[in-house]
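Beneath this line is the structure, given in structure tokens, with notes to follow.
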Amino acid sequence: MNNIISKFREVFFSVLPITLIVVFLHFTLTPMELPVLLRFIIGSVFVVIGLTLFLLGVDLGIVPLGSYTGESLSKTNKLWIVLGAGAILGFFISIAEPGLLVLANQVGFVTSGQISGVSILIFVSLGLAVMIAVGFLRIFYNIPIFKLLIAFYALIFILSLFTSREFLAIAFDASGATTGILAVPFILSLSVGISKRKKDSKASEKDSFGLVAIASIGAIIAVMIIGIFSNTQSFNAQLEVSLNESSSLIQPYLDVLGLNIRDSFMAIMPLLVILLFLQRFAFKLRKKEMRKLITGFIFAFAGLLLFFIGVNTGFMDVGTFVGSTLITHSNRIYVILFGFILGVVTILAEPAVYVLTHQIEDVTAGYVKRKAVLIPLAIGVGLAVALSVLRVLVPAIQLWHYLLPGYIISMVLMFFTPKLFIAIAFDAGGVATGPVTATFILAFIQGAAHAFEGADLLVDGFGMIAMVAMMPIITLEILGYFYGLSTRKKGVKQHG
């Protein structure tokens, strides 16, 4: 019971700031019809309850699946089995990731099917699966993570020269969206299980970080490859920003119920099949333990269903409406400032950030306080959203104008940052891009891009998630640099 209350509190305070902001805007700058506002509030309740149940299911069923699998794989001496099993699990975990499902559906919706949401989902999941296998190879052969990151980001830079602006934005967004509330804890539990096969405990501790960062690279490369080989050169991007002002509060939920049941079922069922298969041939868990895992999967399915219903019945529609209305009827400085505030309140309320900041405080034995991490992290994410709004307002600014210098800075900082901080920093990109970022803020940016004359919806409406994923990398590397500098001055042995 305490676990349910804890999860509910975490999710509630992550969604509450957005809800309060929308209610405030309703009475000031962006008034809405009462049925629309009520559907948004009800949708927010569905999102809170859905994410609570989903996270509970992840803890009870999906994370233990990763832990049991990692431990089982660590006992085998056949490398190909370890790599193959990790890739298969990574593929289906990615397909079930709520943030990626929302992004893929939004890509298909905005492009009217010219870029298939299903193809984005499948190829991104394939890319993540391959890179999980690469991450396992890194653990087995003690390859320094910064060498892999430099090599793969160099490959990404080369591929970007042949990738259209549309696919470039989607590629980096997919990277942030796929490492969300499901994939991150599962991948971490899997990497911890694999790392335990090492006798060196310090090496094992370091290797438990970084797999999320490596896995997310697969999403970028996969979408870039789709773009390079795509036959479509021009896209007809469209977005509906008018709100359904029907007085019925029930009908919109019934309209999306069947589709949301199908999406939730298709996301969870493969993982359940994998669990049953591994139980039969590898785990041999007791009935009590197995019932607990099955219960977790039921919670995950119910939570995902409620989350999708909430997102699709007012949550994202209102985000689109607020973005389009603000950028049309308000001072542009206010829109940029609003974007900054959205980023700050979102990251401050993100439950995974709470875990990350405590993790850093523990790893550094309390030397780096969580507030010292949280404040610059919030400012960085706020700037990321504000710069995304600026990109809409100034179409001459392209996404690569941000990402290229940003990732060059992050690559250079690798040579001056303690190695453990490098892994944590790149993992943190996935932590920052939570469910609110992938839904409301994405819809807000797309609404602004749709309404502003001269902006390109497909080019400028995507890329925000990429910016939010990049800023924590730079922030935490800089923090790590100063931590390393201070410990060297004091003669303290560095962690990692």
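The values are calculated or read from the model by the stated rules, or taken from the named source; none is laboratory data. Owing to the predicted nature of the structure, the values given are computational and were not obtained by experimental measurement. Here Cβ is always computed from backbone atoms with ideal geometry, including for glycine, and neighbour counts include all displayed protein chains.
Considered as a group, the residues in the stretch 1-60 that are of a type in the set (F, W, Y) and under 20 Å from N312 (Cβ atoms) include one that is nearest to the chain's Cα centre (by Cα), and that residue is F54. For the stretch 114-133, taking the residues that are assigned to a helix (DSSP H, G or I) and of a type in the set (V, I, T), the one that is farthest from V212 (Cα to Cα) is identified as V118. So, of the residues in the stretch 134-177 that are among the β-branched types (V, I, T) and either in a helix (DSSP H, G or I) or in contact (Cβ under 8 Å) with a residue 40 or more places away in the chain (or both), which turns out to be surrounded by the fewest Cβ atoms within 10 Å (Cβ to Cβ)? So the residue we want is I158.
Being out of contact with any Lys or Arg (no Cβ under 9 Å at 6 or more places or on another chain), of a type in the set (F, W, Y) and in a helix (DSSP H, G or I) is the filter here, so list the residues in the stretch 385-420 that pass it. Passing the criteria: only Y407.
Can you tell which of L16, L37 is touching a His at 6+ places or on another chain (Cβ under 8 Å) and either part of a helix (DSSP H, G or I) or surrounded by fewer than 19 Cβ atoms within 10 Å (Cβ to Cβ) (or both)? Working first, answer last.
Numbers: L16 fails: touching a His at 6+ places or on another chain (Cβ under 8 Å).
Residue meeting the stated conditions: L37.
Just so you know, in the stretch 50-89 the residues that are of a type in the set (V, I, T) and in contact (Cβ under 8 Å) with a residue 24 or more places away in the chain include one that is farthest from F283 (Cα to Cα), and it is T52.
The requirement of being part of a helix (DSSP H, G or I), surrounded by fewer than 23 Cβ atoms within 10 Å (Cβ to Cβ) and either among the polar types (S, T, N, Q) or in contact with a Ser or Thr (Cβ under 6 Å, 6 or more places away or on another chain) (or both) is satisfied by T295. Within the stretch 1-13, the residues that satisfy the criterion of being without any contact (Cβ under 8 Å) to a residue 12 or more places away in the chain and part of a helix (DSSP H, G or I) are N2, I5, S6, R9. Taking the numbered list (1) closer than 20 Å to F13 by Cβ; (2) of a type in the set (A, V, I, L, M, F, W, C); (3) at pLDDT 90 or above; (4) surrounded by fewer than 24 Cβ atoms within 10 Å (Cβ to Cβ) in turn, L413 passes all entries but (1). Considered as a group, the residues in the stretch 374-393 that are under 15 Å from F444 (Cα atoms) and of a type in the set (A, V, I, L, M, F, W, C) include one that is surrounded by the most Cβ atoms within 10 Å (Cβ to Cβ), and that residue is V392.
Each row is one residue, and each column tells you yes or no for (1) in a helix (DSSP H, G or I); (2) out of contact with any His (no Cβ under 9 Å at 6 or more places or on another chain); (3) under 30 Å from I122 (Cα atoms).
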site	(1), (2), (3)
L29	no, no, no
I41	yes, yes, no
F46	yes, yes, yes
G70	yes, yes, yes
T76	no, yes, yes
L83	yes, yes, yes
I88	yes, yes, yes
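Out of all the residues in the stretch 1-28, which are of a type in the set (F, W, Y) and in contact with a helix residue (DSSP H, G or I) (Cβ under 6 Å, 6 or more places away or on another chain)?
The answer is F8, F12, F13.
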